[in-house]
Amino acid sequence: MAEYKTAGVQDVLEEARTYIRNEDSLALISRAANYAAEAHAGQFRRSGEPYTVHLNNVAYILATLHVGPKTIAAGFLHDTIEDTGISRDQLAQLFDDEIADLVESVTKIGALRFKGKDDPEYQAANHRKIFIAMAKDVRVILIKLADRLHNMRTLEYQPEASQKRIAAETLDVYAPIAHRLGISAIKNELEDLSFYYLNRKEYYRIAHLVETRKAERDESVRKMISEISEMLEEHGISFRIFGRSKHLYSIYHKMVARNKRFEEILDLLAIRIVTQTELNCYEVLGYIHAKYKPIPGRLKDYIAVPKTNMYQSLHTTIIGEEGKIFEVQIRTEDMDAIAERGVAAHWRYKEGGNYDARAEQKEIEDKLSWFRDFAVFTNDSEEETASDYMAALQKDVFEANVYVMTPKGRVIGLPNGATPIDFAYRIHTDVGHTCVGALVNDAMVPLNTELHTGDVVSIRTLKGTGPSEDWLKFVKTSQAKNKIRAWFAKRETEKKESMAAQGEKILSDELRKRGFEPKDYMEKKKIESIMKEFSAKDYTDFMYGIGARLINPTAVCEKLTNQKRPVNDEEALTKLLNRDATKKHVQTKTGIVIPGIESMKLSLAQCCLPVYGDRIVGYVTKGEGVKVHRCECANVSGQNARLIDCHWEEEDRERQYDSDIVIISEDRNFLLTDIVNTVSQSRAPMLKVSASVNREDLTTTIKLKIQVRNVDQLEVLLANIRKVEGVISAVRVSH
């Protein structure tokens, strides 16, 4: 493994002086170093070194990233709250609130360090703390990365089990963070160190392969550098050029992930050219391609379209003399700094400016497109379990390798297989909920279309609509899945609460009919004393049962008042509504049972067309018998006095039920044919069909009247229709 410089306080100050001139800022750094040395006096690391050696090296790593003086000071002080008993308020008095907040945030990340280390839920909870802290202030994670890097450099002093646990955590969590923040120098070193402790045999094998042909490769690179330098000097371009080596874990990962042999990895021979301007970059690329043959498909322009971590560079792969293959990277000095130090280079400390942490954090969210999404994701996920949160973050953010754009050019990172629905929810929850269509590269596509890097995606929304449960079958991001499930859970809760309120009204009306005062009997304690007899788990569930006609309000009243209602009404309708439910029931051709009725005209309501399996309720009409409606039908809402219980008899597979469907789709040729074929394949007889075209938005509205055996067949049919090319929505309707 590589040797690392052990830095002292003077090394930190010398590095800081390369970009910090203000003496007060340098004095702050010195004061923090001195205070940390006093606070940790007598403390030692496993290596036997004074604890301050660790603090000095963390501060030095931060200084190499050119962070501000307060961040360096916080690097010296990052363990004072945790290890020395100093409180956050004491630290704020000695320094200031900003430094105290940084130290406290770093402390909170590791607050559970000494319990449950091997428990996955503990680890996930600790990792979530890291991301929540990073979402609030990116400087916290810079300190934590520096802390982890030095700990990895000295991991040899830990027991083997701890080495593997810490290395695995570093590879899974810290290296991806460094990568996403564009800090490749730290990311590469963390990966190689983790690789060494997790798979030492493979580490040495790759190192041996690299070393065996090092002299040969170095000579090839030297010759290519000489040729390119001579060419660029002839054209008067200012540049720096040097060879670069691929770090070991990257080589191993490519060999494993892409199943390649060592000799097949093209960028083992790599050259970097750093010039002055973007125009120079393209000029250099042109001269190189004019002299050397480029390999097709290997040119990547990350200057025009930067990576989500702000990385910019031109990449090309060329064939040099003797058929050797070289990867060439071309970038400006600023691009090179960002490639090495990422976010830290872009927001490197600028002397004389009025530093504003909030303004910097806002700028980070604006510049790093994924960071904005990540911050929203983190805030939205507070109620998830830590394991679910980490699994979702790993997939949605760290494994994002499909990069699509909004029409305004904002880049959105998504995992492989992501769809327009995943994209819509990444933009905003409401955009996802109200999505009814998507355009990819200006063409209307089905919502389950797989997106690819470079696609420009636009979402069509319609207020008042909601997600479809079918979306859960094809969305890829955990964020989208969680949002869709949450929407349905909320709707179910609201529906239950509404039905419970309706149940309270039904029970209240029933008590009044019997001559009782509702408030005397509808106290929660009295209700709770009888609800177990009706198999209700709580008050809301009990009232929901009454509202949904699953619990007979008459029986409830008798239990509450301990007496039966006297029969003194003369009208037949009143007798019907208060019938004895123990009498025999009749079954009609509709397949519906109404307990206690021997003969009564019974029919399905044409407004909502119930289908076997729907939740239903009977409505006693004047002169037309009982009309059976779906429970959610608007035409029976508030008609509690005329509603009676009914339920489906055992299903008859020969019986068919009418249902009305409305389909909205992109207008195209053969659309109606495709939909008719889909309905036919579902074995649902079609009774009526009509279609109309809206010329304003080029959509087609198709109305179908079909027959199905049950609600399950209807749902499957709707799901199949939604999969037809161009279909935006397909829903069952009431009139």
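All of the numbers you see were taken from the coordinates with simple rules; none came from a lab. Every value quoted in this text rests on a predicted model; they were computed, and no experiment measured them. All Cβ positions, even for glycine, are placed from backbone atoms using ideal geometry, and neighbour counts span all protein chains on display.
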When a/c is below 1.5 the answer is rounded, else prolate if a/b is larger than b/c, else oblate, so apply that to the stretch 58-99 with a ≥ b ≥ c taken from the square roots of the Cα gyration tensor eigenvalues. oblate
Solution diffusion estimate, µm²/s, Stokes-Einstein, the stretch 210-346, Kirkwood Rh from C-alpha pairs, 10 °C, viscosity 1.306 mPa s: 102
Using only the alpha carbons of the stretch 9-198, determine the length spanned along each of the three principal axes and report them from longest to shortest in whole angstroms. 44, 35, 33
If the chain between N199 and S226 were fully stretched, how many nm would it gain, using 0.36 nm times the residue separation less the Cα-Cα distance? 5.9 nm
Prolate/oblate/rounded call for the stretch 1-93, Cα gyration tensor, a/c under 1.5 rounded: oblate
Estimated FRET transfer efficiency when R0 is 25 angstrom, pair E233-V305 (beta carbons, to 0.05): 0.25
Report, in whole Å, the centroid distance computed from the Cα atoms of the stretch 455-515 and the stretch 425-450. 21
Using the structure shown, list the pairs from K187/K223; K496/K524; K505/K526; K490/K526 with a Cα-Cα distance above 25 Å, or answer none. K187/K223; K490/K526
Sequence-separation-based contact order of the stretch 657-732, relative, with Cα cut under 8 Å and 6+ spacing, percent: 47
At most 13 other Cβ atoms within 10 Å and a DSSP loop assignment: could you name the GluC sites (Glu not before Pro) in the stretch 434-537 that fit? E523
Among the trypsin sites (Lys or Arg not before Pro) within the stretch 418-511, which fall in a DSSP loop and have no more than 14 other Cβ atoms within 10 Å of their own Cβ? K463
Here is the link list: K513/K537; K476/K705; K481/K537; K201/K254. Which ones come out longer than 25 Å on Cα distance? K513/K537; K476/K705; K481/K537
Where Rh denotes the Kirkwood radius from the mean inverse Cα pair distance, what is Rg over Rh for the stretch 187-262? 1.12
Work out the length of the dipole vector of the stretch 657-732 about its Cα centre, built from +1 on the beta-carbon of each Lys and Arg and -1 on the beta-carbon of each Asp and Glu, and round it to the nearest 20 debye. 260
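So what's the stretch 657-732 giving for Cα Rg divided by 2.2 N^0.38 Å, two decimals?
On the way: Rg = 11.7 Å, N = 76, 2.2 N^0.38 = 11.4 Å.
Compared with the compact-globule rule of thumb, the stretch 657-732 sits at 1.02.
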Residues meeting the amide H criterion for I592 (H placed from the backbone, H to H distance under 5 Å, 5 or more places apart or on another chain) are E649
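Quick check for me: using +1 on Lys/Arg Cβ and -1 on Asp/Glu Cβ, what's the dipole size of the stretch 210-346 about its Cα centre, in debye to the nearest 20? Mind showing how you got there, number by number?
Working: 21 positive and 21 negative charges, 136 e Å.
That gives the stretch 210-346 a dipole magnitude of about 660 debye.
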